[in-house]
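Worksheet: the structure to be examined is printed underneath.
The values are calculated or read from the model by the stated rules, or taken from the named source; none is laboratory data. On a predicted model such as this, the values are computed, not experimentally measured, just so you know. Please note: Cβ atoms are built from the backbone with ideal geometry, for glycine as well, and neighbour counts cover all protein chains shown. Surface areas here come from the heavy atoms of the whole protein model, side chains and all, with no ligands, DNA or RNA. Shrake-Rupley method; radii C 1.70, N 1.55, O 1.52, S 1.80 Å.
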Amino acid sequence: MSDTAKTTASPQRAGAMSLTLGPWIVAALLLLVLPFIFDNNSSITIMNQMWITVIFALAYNMLLGQGGMLSFGHAVYMGMGGFLCMHVMNYVEDFGIALPLPVLPLFGGLFGMGFAMLIGAISTSGAGTRFAMISLGVGELVAACSVIIVAFFGGEEGISGDRTYGLPFFGIEFLKQIEVYYLISFWLMLSAALMYLFSRTPVGRMANAVRDNPERAQFLGYSSRWVRFYSFMASGFFCGIAGGLFAINYEILTEENLNTSSSGIILLVTFLGGVGFFFGPIIGAIAFTLLQTVLSLKTELWAFYAGALFLATVMYFPGGLAGLIMMHVPAFKFRNAGKLVMPYVKTLIPGLITVLGIAALVEMIFHYRHASVGDDEMTIFWTTFDSHSVVPWVIVTVITAIASYITKTTAPDLKEAWGDANTPPTTGGDA
Amino acid sequence: MSAALELSGLTKSFGKAEIIRGVDLSIGKGERHAIIGPNGAGKSTLFNLITGRFAQTAGTISLHGRNLAGLEPYQINRMGLSRSFQITNIFPAMTVFENVRCSLLWSMGYKYSFWNLVSRSKALTEGAEQILEQINLTARRNLPAGVLSYAEQRALEIGITIAGGADVIMLDEPTAGMSHSETDYIVELIRKVTENKTLIMVEHDMGVVFGLADYISVLVYGEIIATGRPEEVRGNAKVQEAYLGEALEDEH
């Protein structure tokens, strides 16, 4: 076979599947530069959380997006890695072992992988309901164990440690947030690159094939089960890395890191970002962390808005934010993207006002119902008013109604412009 | 000529219903063997038994003299038997190229490796491109397989089936639902890609069967009532009565 392949001498297409370095270099530079732009401590804390979530979400998407396995208990693998790292950290402190902190996440990764192998051995025989239920069951089980096996999980208060008691690593003691930031960034780049490369290996390609059609894959010589198992294992490894970084960053792990609500959040993050593209979970993790940290400072109802956004994504943009971005590629290719600008402005600005108006009404109802008696004054959008008087209600309702009406009337134009922009230029006119 | 595939006393029951009722069949190496019969005769079930999709109730199946009992489809595939399906069975969300490349991975020895990058393998890329050339889908290379026309999807499925270099190829109704010109195209394709290989196919189109097959077996109600050269089978009174008279009339 290979002999005939040589004689036909088809030109090798290097560009078709080659690994472009551009985005990776940009990402690395951004990671380096960001702490100089957002240099206060709270921004760095947010970014640390963000990058850990990025690793976790990418690892989760190895299952959901690339392997077609819906896991409801994936926080377990991150949590397990985290707990182990916490123990290792304390061990290093107690016995004065020369273990540099930067390699600590590796222990978490290996432990996460080991645990994934254990669970994967039973759960990966199918990808459907059975897999999802096992993942949910294991999640509940481990979360329950956290109060039973106190020696490992530390009961209700969890376990904590101190990352600075180890030996300094090239003089760095990891006292400052910024030092931890660069440690996390290093692991982020390494993990993301490895996960990307994994998707380009034979087993990574077959994960896609098994996701699409497990039966056909069987008749190509691959056991669907083993392909799933390897994906599961790799996913567990990177979840464990994320857990290790979590341990370093927060210096405490509790039951909360293992439970189903954490597992639910990572599903939400990944889906929000888009499971169909490798970079989807990255966007999802960034967007969600911003919602979680920045929005939660502004309103108690941030989870409500995050939930609404998730619902809207599932219903209207199943490709997630990444899908939304990639939808625009053809328009740019046809050099038609300009045609979309005005229709977008005309529809999206009133659309945004509608959304903000509805949010304002939600906030007002919340304030009206839940603020302490006598506290009638509330502030939204830099405006302070009395939530018990009629006027603000009327104003907000009217603005929202008008904005919604404008959105509705301009939407058809946007749709038309969209169709126009996505027509190849040879057929599209100047109009 | 030693047998590529040998069935003896093969039986399959679903509950009380006996679908395959003691099939004995020997298919020689390099033979093009068609299995024909009326609807519900058990042709697809027979295929599913041979390829390990179902487990037989009794009897043995051996491929190149090795018993297939208890083996999973992927294990049977690795022994050099590959099949297509009656209902198109491809990877719809992956590109055409990717479909073919995935079907080359195992046979090229990549197994479950996660230390090779598929795009770096020249042999893999060239192998897949060669298959695409053979099935005339080079121009469709980068399209998702799901958007191809029906005939193209069928061609792709044949490509996937032969890509792994299996020497026993089983095709389940490769021309089902095709127009005349599409059928001609697929038949030519089958002839081309199964050269020097053992071909076993289920087919309803008698034109295709008599044009392509060296041997024909007639399966009626789970039993093979005749096996032989096309002209022998055509002349067989039992076959005429049970099936072929009707089927040949339909052709006209």
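A Cβ distance below 6 Å, combined with a sequence gap of six or more or placement on separate chains, defines the contacts here; from the stretch A:309-330, residues that are assigned by TED's automatic domain parsing to the domain that holds A:ALA285 reach no residue that is open to solvent by 80 Å² or more (accessible area, probe 1.4 Å).
Of all the residues in the stretch B:158-174, those that are over 9 Å from the mean Cα position of the chain (by Cα) and not in a helix (DSSP H, G or I) number 4. For the structure I just gave you, tell me whether B:LEU46 is open to solvent by less than 30 Å² (accessible area, probe 1.4 Å), part of a strand (DSSP E or B) and either free of Cβ contacts under 8 Å to residues at least 12 places away in the same chain or of a type outside the set (Val, Ile, Thr) (or both). In short, no. Taken over the stretch A:179-188, the criterion of being open to solvent by less than 50 Å² (accessible area, probe 1.4 Å) and of a type outside the set (Gly, Ala, Ser) is satisfied by A:GLU179, A:VAL180, A:TYR181, A:LEU183, A:ILE184, A:TRP187, A:LEU188.
For the stretch A:381-398, the condition holds for no residue, the condition being that it is among the charged types (D, E, K, R) and either within 23 Å of A:LEU309 (Cα to Cα) or touching a His at 6+ places or on another chain (Cβ under 6 Å) (or both). Within the stretch A:336-363, the residues that satisfy the criterion of being among the β-branched types (Val, Ile, Thr) and either closer than 13 Å to A:LEU414 by Cα or touching a residue at least 40 places away in the same chain (Cβ under 8 Å) (or both) are A:VAL341, A:VAL345, A:THR347, A:ILE349, A:ILE353, A:THR354, A:ILE358, A:VAL362. With the condition kept exactly as written, say whether any residue in the stretch B:96-106 is outside any helix (DSSP H, G or I) and not hydroxyl-bearing (Ser, Thr, Tyr). For the stretch B:96-106, residues outside any helix (DSSP H, G or I) and not hydroxyl-bearing (Ser, Thr, Tyr): present. A residue that is assigned to a loop (DSSP other than H, G, I, E, B), touching a strand residue (DSSP E or B) at 6+ places or on another chain (Cβ under 9 Å), within 18 Å of B:TRP106 (Cβ to Cβ) and open to solvent by less than 50 Å² (accessible area, probe 1.4 Å) occurs somewhere in the stretch B:70-79. Check the stretch A:252-270 and report whether any residue there is closer than 28 Å to A:LEU309 by Cβ and within 11 Å of another protein chain (Cβ to nearest Cβ). No, the stretch A:252-270 contains no residue that is closer than 28 Å to A:LEU309 by Cβ and within 11 Å of another protein chain (Cβ to nearest Cβ).
Of all residues in the stretch B:129-154, those being crowded, with 22+ Cβ neighbours inside 10 Å and within 11 Å of chain A (Cβ to nearest Cβ) number 3.
Quick grid of which residues meet (1) assigned to a helix (DSSP H, G or I); (2) surrounded by 19 or more Cβ atoms within 10 Å (Cβ to Cβ); (3) not small (Gly, Ala, Ser):
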| residue | (1), (2), (3) |
| --- | --- |
| B:LEU156 | yes, yes, yes |
| B:ALA176 | no, no, no |
| B:GLU182 | yes, no, yes |
| B:ILE186 | yes, yes, yes |
| B:ILE190 | yes, yes, yes |
| B:GLU195 | no, no, yes |
| B:HIS204 | no, no, yes |
| B:ILE216 | no, yes, yes |
| B:GLU231 | yes, no, yes |
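Rundown of residues vs (1) of a type outside the set (Asp, Glu); (2) surrounded by fewer than 24 Cβ atoms within 10 Å (Cβ to Cβ); (3) closer than 26 Å to A:MET195 by Cα, yes/no style:
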residue	(1), (2), (3)
A:SER224	yes, no, yes
A:PHE237	yes, no, yes
A:ASN249	yes, yes, yes
A:ILE252	yes, yes, no
A:TRP302	yes, yes, no
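The set of residues from the stretch B:76-110 being facing chain A (nearest Cβ under 7 Å) and either among the β-branched types (Val, Ile, Thr) or on the phi > 0 side of the Ramachandran plot (or both) comprises just one member, B:ILE90.
Taking the conditions (1) facing chain A (nearest Cβ under 9 Å); (2) open to solvent by less than 10 Å² (accessible area, probe 1.4 Å); (3) in a helix (DSSP H, G or I) in turn, B:SER113 satisfies each one other than (3). Of all residues in the stretch A:380-409, those that are at pLDDT 85 or above have Cβ atoms under 8 Å from Cβ atoms of residues that are aromatic (Phe, Trp, Tyr), 6 or more apart or on another chain, in A:VAL391/A:PHE385; A:PRO392/A:PHE385. Exactly one residue among A:GLU173, A:GLU156, A:GLU140 is more than 30 Å from A:PHE278 (Cβ to Cβ), away from chain B (no Cβ under 14 Å), surrounded by fewer than 19 Cβ atoms within 10 Å (Cβ to Cβ) and free of Cβ contacts under 8 Å to residues at least 60 places away in the same chain, and that residue is A:GLU173. Check the stretch A:120-134 and report whether any residue there is closer than 13 Å to A:ALA247 by Cβ and either of a type outside the set (A, V, I, L, M, F, W, C) or buried (at least 19 other Cβ atoms within 10 Å of the Cβ) (or both). Looking through the stretch A:120-134, none of the residues is closer than 13 Å to A:ALA247 by Cβ and either of a type outside the set (A, V, I, L, M, F, W, C) or buried (at least 19 other Cβ atoms within 10 Å of the Cβ) (or both). Residues that are more than 7 Å from every other protein chain (Cβ to nearest Cβ) and either in contact (Cβ under 8 Å) with a residue 24 or more places away in the chain or assigned to a loop (DSSP other than H, G, I, E, B) (or both) within the stretch A:205-223 comprise A:ALA207, A:VAL210, A:ARG211, A:PRO214, listed in sequence order.
Please tell me if B:GLU18 is within 19 Å of B:LEU219 (Cα to Cα) and open to solvent by 50 Å² or more (accessible area, probe 1.4 Å). Answer is yes for this residue. All of (1) surrounded by 12 or more Cβ atoms within 10 Å (Cβ to Cβ); (2) closer than 20 Å to A:ASN422 by Cα hold for A:ARG335 with one exception: (1).
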